[in-house]
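Please read the structure below before turning to the comments.
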Amino acid sequence: MSDFLAAALQLTSTSEPEVNFSVAEEQIELAARRGAELIGLPENFAFMGDDLQRLELSSQLAEQCSNFLVTMARRYQVVLLGGGYPVPSGDGQHTFNRAELIGRDGQLLARYDKIHLFDVDLPDGNTYQESDTSTPGQDLPPVVDVPGLCRVGLSICYDVRFPELYRHLVGAGAELLMIPAAFTAFTGKDHWQVLLQARAIENTAYVIAPAQTGLHYGRRQSHGHAMVIDPWGTVLADAGVLQGAAIAPIDNSHVERTRAQMPSLKHRHPEMF
């Protein structure tokens, strides 16, 4: 495995898919031109709008997103994560929230349907009931050996609050954790960076966290701050609050050194896992 550049893209997606695809490609191209070989798009990269419209468009979006990811990966010769898009679950009323990791040749490397759904009443007055229109995935997130890069574990947004999920990923060999998100502005200001750094530190793994930012529709506002974080918990890149990218080098030997220096994964009590 060789060292490489990774990019966590940051978007302000809208309810107009074609506009979102155009902006996403612009950011993918910019990141690829800067040398990024692994690029992540945030959750809801193709559509941020009301639940009813998302459900109505889900069949169309599922096909468009899949084709878009394959085309972009091939066109720019990058490994590309589509951080979450709607796929009909089969009952006509719900969708899966699906992430796909695509190789440079357009090959599907890994697929994950989000298992933790965001059903939360926030103190700012906003209520989120993801389970009203989403179906949780049935399978734990995968870890995939990306040729020439490293072993990557997938997750989506609200998953970041469940540390046991990342223990599973690291136990399956993950060296880099991808956490694409559309984190709310209210929770993000207090929790986003803290949670990302915790997942990096406790698992001595890189974290790549693409993000949504800004105002989307109605009162829906995302926190931003897409990040790349190293296994020691150091923030290597932060995209701030504008559309763009957090880009930083991934040093595979740094994972080995950090795990040797801080061997907490080896010190876990056997009866707890």
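Every number in this text was worked out from the coordinates using simple rules, so none of it is lab data. Quick caveat: nothing in here was measured; it's all calculated off a predicted structure. When we count neighbours, we look across all protein chains shown, and the Cβ atoms used for this are built from the backbone with ideal geometry, even at glycine.
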What size of dipole, in debye to the nearest 20, comes out for segment 4-272 about its Cα centre when the only charges are +1 on Lys and Arg C-beta atoms and -1 on Asp and Glu C-beta atoms? 780 debye
List every DSSP H helix in the chain whose Cα atoms extend 20 Å or more along the helix's own long axis and whose mean Kyte-Doolittle hydropathy is at least -0.5. 17-33, 51-76, 185-203
Test of understanding: ordering VAL120, VAL23, VAL228 by Cβ neighbours within 10 Å, fewest first, what list do you get? VAL120, VAL23, VAL228
Please work out which option in (1) 50, 41, 34; (2) 55, 37, 37; (3) 94, 53, 27 gives Cα extents along the principal axes in Å calculated from these coordinates, and answer with its label. (1)
Taking PHE68, PHE162 and counting other beta carbon atoms within 10 angstrom, the fewest-first order is PHE162, PHE68
Gaussian network model of the chain, Cα within-10 Å springs - most flexible of ASN97, ASN203, ASN67: ASN67
Sequence-distant or interchain residues sharing an amide H contact under 5 Å with ASN44, placed H: which? GLY84, TYR85
Can you sort LEU215, LEU55 from fewest to most other Cβ atoms within 10 Å of each residue's own Cβ? LEU215, LEU55
Separation of the ARG257 and LEU52 label points, Cα + 7 Å toward Cβ, nm: 5.7 nm
Ellipticity estimate at 222 nm from DSSP helix runs (n ≥ 4, -39,500 (n - 2.57)) divided over the chain, nearest 500: -10000 deg cm²/dmol
Using +1 at the Cβ of each Lys and Arg and -1 at the Cβ of each Asp and Glu in segment 4-272, identify which of LEU57, GLY218, TYR112 lies farthest towards the dipole's positive end. TYR112
Test item: Cα-centred dipole of segment 64-218, Lys/Arg +1 and Asp/Glu -1 on Cβ, debye: 600 debye
Using a 7 Å offset from the Cα along the Cα-to-Cβ direction at both ASP3 and SER59, what is the distance between the two label points in nm, to one decimal? 5.0 nm
